[in-house]
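Heads up, the thing below is written out as structure tokens.
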Amino acid sequence: MRLLSAADFQDRVTFITGPRRASGKTALALAALAILRREGISAGILGVGFEGESKGLASAGARSARIGVETGDLFASASAWLGASGSEAEILGILRGSGAFGTLVLARARRPGMAVLVGPDSNEATAEAIDLMREEGAKAILVDGAFGRLTQVASIEGARFLQSVIIDRGTVEASLASMRRLAMLAALPLALPVAAGSRGKALSAGEFVEIKGPLTAAGLASLPEEPSRIVIEDLTKVFLEDSALRSLRLRHELAVRRRIDFGGFVIALRGLSIGEFLGAIDAGEKGADPGLSAFDLPRTLLFASPYDEGAACDVA
């Protein structure tokens, strides 16, 4: 497993996701900020769909994360929290949307301090906030978000997502199964007609079955018995148990209308060495059915955690 570098974040928008709460999302976002600062790359950060609560704000019910910012960092917050940040934040623009915490704003830290991330809720408003960060000079933008917001990644130019995963001896098998599933879904081919004059063959309506909405176990009964291409909107629309998904892929080819760019898994190991973790991956793949190789876990998608177990942040 290699370490993340500034090149993994520069000139793109990176959504930091996790399979569940306390999966190290905010710690990873902080580590990414530190990597970019060391290389002198201007960065911006905002929170979208954050599912935790900052310790100091829990009584107010704030859906937010408190992070450390350095001079020059751009961040999205609410006007009510700027005065307490200690960063002498300069307001650069007003963002669409407001709430109990006041008007949403884009700010730049003028000195080191703390910032409370409060981001827009809609795809359109998030895209506008990102555009404003780019206009203000951000060369890398981080979005501390939840898995349920993955559809936003496909709607923003140059965006991708990373998944932060914490694994210990008791969770290694379940974690690897979940990771293999996500890696396979993220790699599904695009089902787009091939342009005239280009290499390849265009798909006709009779060559695929289009699934409108989620792909569920109940919907499998309506699929044809003969092999065909099943087309879904994107990876977030698959709601099948692993056994059903494996059976489906043995009979049919699965493709997506919209690709969501996946950068890989950032792995934090707890009580488990890297050698043991990689050995568990190898053991699982050797014991798998050869016909299910699509569930292998590409090593190019594995990154070692850039932060220590005791990384300082209010929300992980």
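The values are calculated or read from the model by the stated rules, or taken from the named source; none is laboratory data. Worth saying up front: this structure is predicted, and the values here are computed from it rather than measured. Cβ placement follows ideal geometry from the backbone for every residue including glycine, while neighbour counts extend to all protein chains displayed.
Taking region 112-161 as the range and being under 15 Å from Ile67 (Cβ atoms) and surrounded by fewer than 22 Cβ atoms within 10 Å (Cβ to Cβ) as the test, the residues that pass are Pro112, Gly113, Met114. Within region 102-128, the only residue that satisfies the criterion of being modelled with pLDDT of 85 or more, within 23 Å of Leu150 (Cβ to Cβ) and of a type in the set (Val, Ile, Thr) is Thr126.
You will find that of Val266, Val238, the residue that is out of contact with any Cys (no Cβ under 8 Å at 6 or more places or on another chain), more than 30 Å from Ala31 (Cα to Cα), surrounded by 15 or more Cβ atoms within 10 Å (Cβ to Cβ) and not basic (Lys, Arg) is Val238 and no other.
Residue-by-condition table, conditions (1) of a type in the set (Gly, Ala, Ser); (2) at pLDDT 85 or above; (3) more than 19 Å from the chain's Cα centre (by Cα):
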| site | (1), (2), (3) |
| --- | --- |
| Phe239 | no, yes, no |
| Arg259 | no, yes, no |
| Ala268 | yes, yes, no |
| Ser273 | yes, yes, yes |
| Phe277 | no, yes, yes |
| Ile281 | no, yes, yes |
| Lys286 | no, no, yes |
| Leu301 | no, yes, no |
| Gly310 | yes, no, yes |
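Within region 127-166, the residues that satisfy the criterion of being among the β-branched types (Val, Ile, Thr) and farther than 20 Å from Leu30 by Cβ are Thr151, Val153, Ile156.
Among the residues making up region 197-224, those that are in a loop (DSSP other than H, G, I, E, B) and modelled with pLDDT of 80 or more are Ile211, Lys212, Gly213, Pro214, Ala217, Leu223, Pro224.
Is it true that Arg12 is modelled with pLDDT under 95, more than 15 Å from the chain's Cα centre (by Cα) and within 24 Å of Val165 (Cβ to Cβ)? For Arg12, the condition - modelled with pLDDT under 95, more than 15 Å from the chain's Cα centre (by Cα) and within 24 Å of Val165 (Cβ to Cβ) - is not met.
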